[in-house]
Amino acid sequence: MKYDAIAIGAGTNGLVAATLLAKAGRQVLLVEQSDAIGGTARLLEFAPGFRAAPLGMDPGWLPPSVARAVGLKGVAARHAAAPLTLAVQPREFLTLWSDVGLAAEAIGRHSPKDAEAWPAFASKMDTLAGFLERVYRRPPLDLDSRSPRELLSAAGLALAFRGLGRAYMTALLRTLPMPVQDLLDDWFECEPLKAALAPAGVQHLRQGPRSAGTAFVLLHHLVGAPPGAMRRSGRWSNEPGGVVAALEQAARQSGVAIRTAAKVRRIQVNDDAVTGVVLESGEEIAAPVVLSSADPARTLLGMVDPVWLNPEFLRAVGNIKFRGCTAVVAYALDRLIDLPGLNNAAEVLAGTVTLTRTREALERAYDDAKYGRVSERPHVEITVPTLATPSDAPDGKHVLLARMQYAPYHLRDGTEWDTGQREALADSVTKAVAEISPAFADRVRHRAVFAPTDFEHQFGLTEGAAYQGELMLDQILFMRPLPGWSRYRMPVDGLYLCGSGTHPGGGVTGAPGHNAAREILRDFKRRRLRRARWENP
């Protein structure tokens, strides 16, 4: 079989990119190293009858333009009514409802002044995230290009920015480089409210709330969230299977050939152009285009012979900051946990419950990671996905996911992530949950720890970085994955990246794959035009 393109990695981005190329009439092969598709969104059975996606606490945002292009129907995120709750102390909780009025009422019990400010804050965050949403729907601007299409794109973005108005333009430019701590201090006086909001600014990031650029990360995680919601908590409307099952169906219907348990050993290159791939089995598959949804380091340093890449480029790839620091403990529960002090525990647990009561505690948890230590008092967030998908556990049972920061990939003094380290981490997380649910440990039938090294081995994530590289100001937009290489094309002709290590990054479902496929199809068209001009001068 002759293929026009080979896509590496059957996560959401690989599925989207392969489907769009196939819909355009290309013969596409999608290869996946594991036995199942889905990438970081795939479910793992961590105990008999209990399944979970350890990196799937946030369903992400599926841009409508991506869903339309791929042909998905009936797939949307079902957002939780109570997307974010802070455990202020045992038997006391602050729930930030999606409904702005209900959230303001809850905040008012802590600070009437902050309750009054809440609607304006929610509205401003929604507007600023809405501008990022527009930026994320397209490839990043090519600052060196003078093509009419690129100039029109830049003009459209400039008009959209101007359309924000002077106050919002200023707010956006001021907010992006700020520490999330300073942003929240500008708006509020109540520490529980600020402690509830701050963790979104450091999610999957080895930084604390006092670090510059974390206000941007907060905005990034609000893109696609319902107005007023401070987290994208929820599940897909077509569960079980969610968006992965829908994308697989769309890919197969479009004619994409999918092979699992097919790990790529090497991307073949000849005369500075891609010629195909070689699998671990030794099988060679030819194609003039290879697009990889693996992260930039794994693709460019691990699959391409360095003889085809400039040493300066290779050094820049090696300097991409991954710095995985997230661990997840998955619990198999005999029954749903209680949250004393809450009458609506199930509604709250369907969203995200954060257990860090102050920003000072969040910063101190980060301090440990700076020196290669697992946080002694970690930041923990919990959710119960089986409230939305009961089929992922036996009847009457539940799965609880606890996301923990900070657990650095590189531990101090060369310490390994062994069984002792994992058990110590699980004990500290269990203790944190038990502070708000005293009977928690008695409900646990089994627990499984996913450390950064496990994410590297299970999902091919360099250093266990969930987003294939930190979302900091020097690694976003036209600088992702590298300045000058943000348009998905790599230095080798026919080689493209399409994973979350490219613009717009993790948490934006399918957008990197969608944008990359559009660029590939443009290049296919340019090649046809060049060939026609050569044959008919």
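The values are calculated or read from the model by the stated rules, or taken from the named source; none is laboratory data. All figures in this text were calculated on a predicted structure; none of them were measured in a lab. Quick reminder, even Gly has a Cβ in these numbers, built from the backbone with ideal geometry, and neighbours come from all protein chains shown. All accessible areas refer to the heavy atoms of the entire protein, side chains included, with ligands and DNA or RNA removed. Shrake-Rupley method; radii C 1.70, N 1.55, O 1.52, S 1.80 Å.
Descriptive notes on the structure:
- Distance (nanometres) between label positions extended 7 Å along Cα→Cβ at A273 and A24: 1.8 nm
- Straight-distance crosslink candidates among lysines, where the alpha carbon sits under 28 Å from K370 and sequence neighbours closer than 8 are dropped: K194, K321, K431
- Sum of -39500 (n - 2.57) over DSSP H runs of 4+, divided by residues of the chain (222 nm, nearest 500): -11000 deg cm²/dmol
- Flagged links, alpha-carbon separation over 21 Å, of K23/K525; K73/K263; K263/K525: K73/K263; K263/K525
- Stretch gain in nm, segment K73-R265, where the contour uses 0.36 nm per residue and the Cα spacing is subtracted: 65.5 nm
- Estimated inter-spin distance, D305 and A286, nm [label 7 Å along Cα→Cβ]: 1.7 nm
- For the chain, with all protein chains in place and a probe radius of 1.4 Å, 50% of the accessible heavy-atom surface sits on carbon or sulfur.
- What separates the Cα centres of the stretch 42-96 and the stretch 305-337 is a distance of 21 Å.
- The residues packed around L279, meaning those with a beta-carbon under 13 Å from its beta-carbon, carry a net charge of 0 if Lys and Arg are +1 and Asp and Glu are -1.
- Per-pair calculated FRET efficiency, R0 = 56 Å: R166 and E45 via Cβ, rounded to 0.05: 0.55
- A straight chain from M1 to L477 at 0.36 nm per residue would run longer than the Cα-Cα distance by 167.6 nm.
- Solvent-accessible surface (1.4 angstrom probe) belonging to E470, in square angstrom, nearest 10: 0 Å²
- Translational diffusion of the stretch 286-419 was estimated from the Stokes-Einstein equation, with Rh taken as the Kirkwood radius over Cα pairs; at 25 °C and 0.890 mPa s the coefficient is 132 µm²/s.
- Those trypsin sites (Lys or Arg not before Pro) in the stretch 247-321 that DSSP places in a loop and that have at most 16 other beta carbons within 10 Å: K263, K321
- FRET efficiency, 1/(1 + (r/R0)^6) with R0 30 Å, evaluated for L157 and D182 via beta carbons: 0.65
- The chain, relative contact order in percent, only Cα pairs under 8 angstrom and at least six apart counted: 23 percent
- Semi-axes of the equivalent ellipsoid for the stretch 418-527, computed as √(5λ) from the eigenvalues of its C-alpha gyration tensor and ordered from largest down, come to 41, 14, 13 Å.
- Remark: the chain carries 41 Å² of accessible area per residue (probe radius 1.4 Å; ligands, DNA and RNA excluded).
- What the phi angles of the stretch 379-388 give under the Karplus curve with 6.51, -1.76 and 1.60, with θ = phi - 60°, is a coupling list of 7, 10, 10, 10, 8, 10, x, 6, 5, 9 Hz, glycine and proline written as x.
- Cα shape, the stretch 203-324, gyration tensor, a/c 1.5 rule: oblate
- Segment R146-R489, length gained on full extension (0.36 nm per residue, minus Cα span): 121.7 nm
- Using distinct alpha-carbon pairs, which all enter the 1/r mean, Kirkwood radius of the stretch 1-150 in Å: 19.8 Å
- Solvent-accessible area of Y366 with every protein chain in place, 1.4 Å probe, in Å² to the nearest 10: 30 Å²
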